[in-house]
Protein chains: 2
Amino acid sequence: MTGGELEHPRVEELDVGPVLLALADGNRRRVVAELAERPDEERLCASFDLPVSKSSRTRHWRVLREAGLVYQRDAGNGLYMRLRKEDLERRFPGLIQAVVAADQGRG
Amino acid sequence: MTGGELEHPRVEELDVGPVLLALADGNRRRVVAELAERPDEERLCASFDLPVSKSSRTRHWRVLREAGLVYQRDAGNGLYMRLRKEDLERRFPGLIQAVVAADQGRG
């Protein structure tokens, strides 16, 4: 690993169990839903408005990253995140879309 | 409640969080996948071959039932289960299909 790089599972290593566990949490689902709106963009982690403590935020990022839902990058001036859209779609076709839609249908 | 009836959430009460949490477990996912193969049939709970203790099985049935994934019925001669296919499809279109396919794609 070079500076700024965090560990991420490879696409072949992605497992639906940890992905579903990560998505079972409403705050993490919200982050994934917001990232899914602009899947080709990186977003500053600090820009997510979650009603949780700093340590909880850090834990949420780690859970999302270790499940393979997001790529996270330390750019020096802050942590950035983007959805692993292609990897997720390749391994779990339709899953992220269905999960995001499930929440949107609640309103 | 009359005899043999267990408590189940109503379709309007189904929430994607508990559903994803229930599906995050491989044994429970396997049960849902097997039920999804014949969604209109009730199946004897004892007929599922899970590598877990009896108390774990009971817990898995409860988690599935309370999340709203299955209807469970005590028929006197045993507990029966069926997938709440229509309810799940109405509230979370495509979700169960995507989760079942995600596991099948592993092989």
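The values are calculated or read from the model by the stated rules, or taken from the named source; none is laboratory data. What you see is a predicted model, and the numbers here were worked out from it, not measured in a lab. A quick note on method: Cβ atoms are made from the backbone with ideal geometry, for glycine too, and the neighbour counts reach across all protein chains shown.
Among residues of region B:1-57 being polar (S, T, N, Q) and more than 17 Å from residue B:100 (Cα to Cα), the one that is surrounded by the most Cβ atoms within 10 Å (Cβ to Cβ) is B:56.
What number of residues within region A:48-61 satisfy the criterion of being assigned to a loop (DSSP other than H, G, I, E, B) and without any contact (Cβ under 8 Å) to a residue 24 or more places away in the chain? Don't jump to the end; show me each part of the working.
Start the filter on region A:48-61 by keeping residues that are assigned to a loop (DSSP other than H, G, I, E, B), which leaves A:48-53.
In the following step, the residues that additionally are without any contact (Cβ under 8 Å) to a residue 24 or more places away in the chain were identified as A:48-50, A:53.
The qualifying residues number 4.
Taking residues in region B:30-45 that are touching a residue at least 60 places away in the same chain (Cβ under 8 Å), and partners anywhere that are among the acidic types (Asp, Glu), the pairs with Cβ atoms closer than 7 Å and at least 6 places apart or on different chains are B:33/B:103.
Here is a yes/no grid of residues against (1) touching a His at 6+ places or on another chain (Cβ under 7 Å); (2) within 26 Å of residue A:92 (Cβ to Cβ); (3) at pLDDT 95 or above:
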position: B:36; (1), (2), (3): no, yes, yes
position: B:61; (1), (2), (3): no, yes, yes
position: B:65; (1), (2), (3): yes, yes, yes
position: B:78; (1), (2), (3): no, no, no
position: B:81; (1), (2), (3): no, yes, yes
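All of B:64, B:88 fail the test of being within 13 Å of another protein chain (Cβ to nearest Cβ), under 27 Å from residue A:97 (Cβ atoms) and in a helix (DSSP H, G or I), apart from B:88. All of A:49, A:40, A:25, A:74 fail the test of being at the interface with chain B (Cβ under 10 Å from one of its Cβ atoms) and out of contact with any helix residue (DSSP H, G or I) (no Cβ under 6 Å at 6 or more places or on another chain), apart from A:25.
Going through (1) touching a Leu at 6+ places or on another chain (Cβ under 7 Å); (2) away from chain B (no Cβ under 14 Å); (3) of a type in the set (S, T, N, Q) one by one, residue A:56 falls short only on (1).
Is at least one residue of region A:96-103 within 14 Å of chain B (Cβ to nearest Cβ), modelled with pLDDT under 95, on the phi < 0 side of the Ramachandran plot and not in a loop (DSSP other than H, G, I, E, B)? Yes: region A:96-103 contains one or more residues that are within 14 Å of chain B (Cβ to nearest Cβ), modelled with pLDDT under 95, on the phi < 0 side of the Ramachandran plot and not in a loop (DSSP other than H, G, I, E, B).
Output the residue which, of all residues in region A:67-76 that are in a loop (DSSP other than H, G, I, E, B) and at pLDDT 95 or above, is farthest from residue B:19 (Cα to Cα). Working first, answer last.
Initially, region A:67-76 is screened for residues in a loop (DSSP other than H, G, I, E, B), giving A:68-69, A:75-76.
Subset that is at pLDDT 95 or above: A:68-69.
Details: A:68: 20, A:69: 18 Å.
That would be A:68.
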